[in-house]
Amino acid sequence: MTQTELDRLVAEIGEEILTRVGRTEPAAKKGEGLNLPDQVCPGCVQRCAQTCARNTKEIIAAGADRVSASERLTKIDPSIAALIDHTILKPEATRNDVVKICREARQYGFASVCVNPYWVPLVRAELAGSAVKVCTVVGFPLGATSTEAKVAETAVAVRVGATEIDMVINIGALRSGDQDAVRQDIRQVVQTAHEAGAIVKVILETALLDDAQKATACTLAKQAGADFVKTSTGFSTSGATAHDVALMRGVVGPGMGIKAAGGIRTLSDLRAMTAAGATRIGASASIKIVEATAA
């Protein structure tokens, strides 16, 4: 058994004990998560399930006289974890796969869990009480559905719990020079999401665009009121590059978010993207990345 597998097993055992004996802390107020200053560490991001002082006290109260904690988990850099959308978008992902990444997101303190729309209610339930956001995709992965379909997808997603929407632009319309269609496509999704308090990240699919088209897409997304621009779906011919991130940052300026996604598998990959201007990272290799900060 690897150290990572052992960490997860210990975390799951601790959670099972707490479930069986019943939690005694008061319910969190809406918007507060579980960050109750008298019960958890200041600034708690729910990343250390088996080393949290609150959980430890409850386990001891249930009868334990010794608690194991992982040095690796306590040494990871939470600021790196907070940049990452922990992602599982493969079509064959099962319920157990999705539950697993939700538990990982709680344990490590990732920014969000990003899933296909079907899984949003499950993710919302699994992340309840944590600071981790619920992210889903719209018009994914091709971007070639109608604006009406994208708006409908967005409306359902935010109704069932999504707080972040990653939408794919109409790539064909952009490449055809139909800028107004692209702008309106984004704007209508943004309006629907913003009315529900959700944010929108606009996926350009940079592998299919030249630099001028990437710059145009960024401009249109900004004009449409989007919160982020994002490099890639991870399903095309290639993913994020530092060149593309720097280009996007140069177009949107300092006030807009940039999400780099697709092919980011190591801590050095992440650092290259943030150095180029990325403020959020989409990755499925999230645990490998954050655990490298403890090395």
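The values are calculated or read from the model by the stated rules, or taken from the named source; none is laboratory data. All values reported here derive from a predicted model rather than from experimental measurement. A quick note on method: Cβ atoms are made from the backbone with ideal geometry, for glycine too, and the neighbour counts reach across all protein chains shown.
Some points to look at:
- When segment 99-119 is filtered for residues that are surrounded by fewer than 23 Cβ atoms within 10 Å (Cβ to Cβ) and touching a strand residue (DSSP E or B) at 6+ places or on another chain (Cβ under 6 Å), only PRO117 remains.
- In the condition set (1) assigned to a helix (DSSP H, G or I); (2) without any contact (Cβ under 8 Å) to a residue 12 or more places away in the chain; (3) not small (Gly, Ala, Ser), LEU247 is compliant with all but (2).
- Considering segment 159-183, the residues that are out of contact with any strand residue (DSSP E or B) (no Cβ under 7 Å at 6 or more places or on another chain) and in contact (Cβ under 8 Å) with a residue 40 or more places away in the chain include one that is nearest to PRO91 (Cα to Cα), namely VAL160.
- Here the condition is being in the same structural domain as PRO91 (by TED's automatic domain parsing), farther than 19 Å from GLY255 by Cβ and over 22 Å from the mean Cα position of the chain (by Cα); of SER112, SER176, it holds for SER176 alone.
- Breaking point among (1) on the phi > 0 side of the Ramachandran plot; (2) in contact with a Leu (Cβ under 6 Å, 6 or more places away or on another chain), for GLY277: (2)
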